[in-house]
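Here is the structure we will look at.
The values are calculated or read from the model by the stated rules, or taken from the named source; none is laboratory data. Quick caveat: nothing in here was measured; it's all calculated off a predicted structure. Counting neighbours? That spans all protein chains shown, and the Cβs are built from the backbone with ideal geometry, glycine included. Accessible surface areas use protein heavy atoms only, side chains included; no ligands, DNA or RNA. Shrake-Rupley method; radii C 1.70, N 1.55, O 1.52, S 1.80 Å.
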Amino acid sequence: MSQVKPVRKDREPSKRPQDPDGTRKDILATASREFALNGLSGARIDEIAARTKSSKRMIYYYFGDKEGLYLRALENAYRTVREGEDGLDTDGLPAVEALRRLVEFTFDHHHEHEEFIRMVMIENIHHGQYLERSDVISGLNETAIDHIASIYRRGVEEGVFRPGLDPLELHWQVSALCFFNVSNRATFSRIFGRDIGTPDEQARLRQSAVEMVLRFVAAD
């Protein structure tokens, strides 16, 4: 009579701990890089699943579909920059110093998060149609205008900023200087034969961005 062989313990499959929040964060981070590199149409869910050791089924369960994942990645990119701004704590600073820190933060953040710039560029190719579907991005970016408006208003009250400027346009100017530094760095460097991505060049451009904004708002 044959005996049933005992199951060897080392053959039992290991069970991975369940971490839904960690899995979602991992998928979002990987998807952000994939979308930034290949765009919405070029990004592949199979590739994202493979890199996160998840599955297409799991990704669709969490995010609905490919467009839903793209929108969540876009929201997360904006949330990251706005949370960084909120952490600056400029309320107790003189207006000039507060605005300086805001410009420096924006320049540094864009430099260190190139995927954010690429995703914004991709969304502009889509004419903002996916951004318009978001229930949170508008609110996130309202805080950016509120922040710079508060600094500007304080500067006018202190007599160091000229009155009559639109905070939204001021935010536009700050964003333009810092955005272009990433979006056009490669082409600008090759066209003019000067690598503006070196640490020394970036330091000079950062200082120039600060000075340009401060001179723009300065009272006569």
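Worth a mention:
- Alpha-carbon Rg/Rh ratio, for the chain, with Rh computed the Kirkwood way: 1.15
- Dipole-positive endmost among ALA50, PHE105, TYR130 within the chain (Cβ charges, Cα centre): ALA50
- Estimated [θ] at 222 nm from DSSP helical runs (n ≥ 4, -39500 (n - 2.57)) normalised by residues in the chain, nearest 500: -23000 deg cm²/dmol
- Residues with amide H under 5 Å from that of ILE196, placed H, sequence gap 5 or more: SER189
- One equal scatterer on each Cα of the stretch 76-182, no solvent, Debye formula: the resulting log10 I(q)/I(0) at q = 0.12, 0.15, 0.22 Å⁻¹ is -0.42, -0.66, -1.29.
- Lysine pairs in the chain whose alpha-carbon atoms fall under 18 angstrom of each other, counting only those eight or more residues apart or on distinct chains, come to 6.
- Ligands, DNA and RNA left out, the 1.4 Å accessible surface of the chain is 51% carbon and sulfur atoms.
- Taking HIS171, HIS109 and ordering them by how much accessible surface each has at a 1.4 Å probe, largest first, produces HIS171, HIS109.
- Note on THR80 and ALA186: the model spin-label points, each 7 Å out from Cα along the C-beta direction, lie 1.8 nm apart.
- Accessible-area ranking of HIS111, HIS126, largest first, probe 1.4 Å: HIS111, HIS126
- Values of log10 I(q)/I(0), in the order q = 0.13, 0.14, 0.22 Å⁻¹, for the stretch 32-86 under a Debye, Cα-only, solvent-free model: -0.34, -0.39, -0.83
- Taking amide H as placed 1.01 Å from N in the peptide plane, the amide H of PHE161 sits under 5 Å from that of VAL156, ALA219, each at least 5 places away or on another chain.
- Other residues with beta-carbon under 15 Å from the beta-carbon of ARG162 carry, at +1 per Lys or Arg and -1 per Asp or Glu, a net charge of -2.
- Accessible area per residue for the chain is 63 Å², calculated with a 1.4 Å probe on protein heavy atoms, without ligands, DNA or RNA.
- Between THR198 and GLU112, residue separation times 0.36 nm minus the direct Cα-Cα distance comes to 29.6 nm.
- Point-to-point label distance, SER55-ASP21, nm (Cα→Cβ direction, 7 Å offset): 2.5
- Ranking by accessible area, most exposed first, for THR187, THR106 with a 1.4 Å probe: THR187, THR106
- On the basis of the beta-carbon distance and an R0 of 30 Å, ARG162 and SER208 show a calculated FRET efficiency of 0.90.
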